[in-house]
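Student: Have a look at the structure that comes next, please.
The values are calculated or read from the model by the stated rules, or taken from the named source; none is laboratory data. Source: prediction; values computed, not measured. Cβ atoms come from the backbone with ideal geometry, glycine included; neighbour counts cover every protein chain shown. The protein model used for the area step is the full one, side chains on, heavy atoms only, and it has no ligands, DNA or RNA in it. Shrake-Rupley method; radii C 1.70, N 1.55, O 1.52, S 1.80 Å.
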Amino acid sequence: MKLCITGGGTGGHLMIAEALVEACANDGHEAIFIGSTTGQDKKYFEKNSTFSHVYFLQTTGVVNQRGLGKVKALWLILRAFFASRAILKKHHIVATYSVGGFSAAPASFASLSRFIPLFIHEQNAVYGRLNTILKPFAKRFISAYDEASPIKGYPVKEIFFKNARLRDEIKCVIFLGGSQGAKAINDLALSVAKELKAKGIKIIHQAGERDYERVKSAYAELGVEVELYGFTKEMPSLMQRADLAISRSGASTLWELCANALPSFFIPFPYAASDHQYYNAKFIVDNNLGWCQREGEDLREALLLILPQNLTDKSKALMEYSSKDVAKKMIADVEMSLNA
């Protein structure tokens, strides 16, 4: 079976693509990737990927463009649409899986135009604009938040489940601002660093490349030792060592934390489209699996209230709630649908 996996732009979409291609390879299937020259697609898959072939087409997002910018963005998508049609034909693709993001548009529409079954994974609690448009035409629409979804859960790489452990007390915290970093989370970490040091709690901090030097200098001035990163792909091992995470609530990171049974305090990115990060985190809080506070509220006080708590109940609940092998189930579902 030869599949096309398309989408990306941000790390969240690309982590799903990574989980799916891993599942494809384990089941003996071949997958190609169609993404964009814009965003992080090339950073993830240009070198050392499991895909048999990778393609990066010149596209940009449409929603945030205005005037001539929107016209140019649509023109680039049209060109990429025809390029995608040729790529799908060249590789004899039998099904396409969209993981969302603006770079999914050309290959998704190209697949429909060639009558290639389209499968969609929606990563957020609030549907993206592209997925809302494509959903009526999809062979299958998968969402961890939707009760009607034929497959429950979220495609997370197996390593996060393998590294899962039950937490009770807090000996190490990890601050995660996402692939670009988050100033609010960085500032929160610095504001509690001395308290954490006094309690003997170690700090792991992924600050983002743009804010790395400022954060590094601030920790030095505070006299607090920290394991500090700008960008890292070693997240599975870092999460494994932590007992509490303070994180944005982008979908992939959120579900990786769940798979790892790592209790988390979520601070949603306030400018995310349709406020989807808040609704991602709200889903976790509503299921009594974690904590959430909006940026601008008293984050320091909220975090200090969490630190003395026993984490056993939440960590155990996360371990029971997370679904393994979701990516494998998604690929098996494609195979079953094609053979039906």
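Student: What is the number of the single condition among (1) open to solvent by 10 Å² or more (accessible area, probe 1.4 Å); (2) among the β-branched types (Val, Ile, Thr); (3) in contact with a helix residue (DSSP H, G or I) (Cβ under 8 Å, 6 or more places away or on another chain) that Ile284 does not meet?
Tutor: In the conditions (1) open to solvent by 10 Å² or more (accessible area, probe 1.4 Å); (2) among the β-branched types (Val, Ile, Thr); (3) in contact with a helix residue (DSSP H, G or I) (Cβ under 8 Å, 6 or more places away or on another chain), Ile284 misses (1) alone.
Student: Would you check which residues across region 95-112 are open to solvent by 10 Å² or more (accessible area, probe 1.4 Å) and either among the β-branched types (Val, Ile, Thr) or more than 21 Å from the chain's Cα centre (by Cα) (or both) and list them?
Tutor: Result: Phe109, Leu112.
Student: OK, next. Of all the residues that make up region 120-156, how many are of a type outside the set (D, E, K, R), within 18 Å of Ala104 (Cα to Cα) and in contact with an Asp or Glu (Cβ under 8 Å, 6 or more places away or on another chain)?
Tutor: Pass one, region 120-156, residues of a type outside the set (D, E, K, R): 120-121, 123-128, 130-134, 136-138, 141-145, 148-151, 153-156.
This time we only want the ones that are within 18 Å of Ala104 (Cα to Cα), so: 120-121, 123-124, 126-128, 130-134, 136-138, 141-143, 155.
Checking the rest, the ones that are also in contact with an Asp or Glu (Cβ under 8 Å, 6 or more places away or on another chain) come to 126, 128, 131, 141-143.
Residues flagged as of a type outside the set (D, E, K, R), within 18 Å of Ala104 (Cα to Cα) and in contact with an Asp or Glu (Cβ under 8 Å, 6 or more places away or on another chain) within region 120-156 amount to 6.
Student: Among the residues of region 113-125, which ones are aliphatic (A, V, I, L, M) and either open to solvent by 10 Å² or more (accessible area, probe 1.4 Å) or closer than 16 Å to Thr59 by Cα (or both)? Steps first, please.
Tutor: Within region 113-125, the subset aliphatic (A, V, I, L, M) is 116, 118, 120, 125.
Ile116, Ala125, listed by residue number.
Student: Next question. If you go through region 164-181 one residue at a time, how many are assigned to a loop (DSSP other than H, G, I, E, B), at pLDDT 90 or above and surrounded by 16 or more Cβ atoms within 10 Å (Cβ to Cβ)?
Tutor: Number satisfying all stated conditions: 3.
Student: Only residues that are among the aromatic types (Phe, Trp, Tyr) and under 18 Å from Ile170 (Cβ atoms): list them for region 258-317, please. Let's see the steps before the verdict.
Tutor: Narrowing region 258-317 to residues among the aromatic types (Phe, Trp, Tyr): 265-266, 269, 271, 278-279, 283, 291.
The answer is Phe265, Phe266, Trp291.
Student: Taking the stated definitions as given, is Phe81 in contact (Cβ under 8 Å) with a residue 12 or more places away in the chain and over 26 Å from Lys329 (Cβ atoms)?
Tutor: yes
Residue-wise test of (1) in a strand (DSSP E or B); (2) farther than 29 Å from Thr232 by Cα.
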{"site": "Leu20", "(1), (2)": "no, no"}
{"site": "Ala25", "(1), (2)": "no, no"}
{"site": "Ile32", "(1), (2)": "yes, no"}
{"site": "Gly35", "(1), (2)": "yes, no"}
{"site": "Asn48", "(1), (2)": "no, no"}
{"site": "Arg85", "(1), (2)": "no, yes"}
{"site": "Tyr97", "(1), (2)": "yes, no"}
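Student: Now for a different question. Kindly provide the set of residues from region 126-152 that are open to solvent by less than 40 Å² (accessible area, probe 1.4 Å), in a loop (DSSP other than H, G, I, E, B) and either in contact with a Lys or Arg (Cβ under 8 Å, 6 or more places away or on another chain) or more than 20 Å from Cys258 (Cα to Cα) (or both), ordered by number.
Tutor: Within region 126-152, Gly128, Ala138, Ala144, Ile151 meet the criteria.
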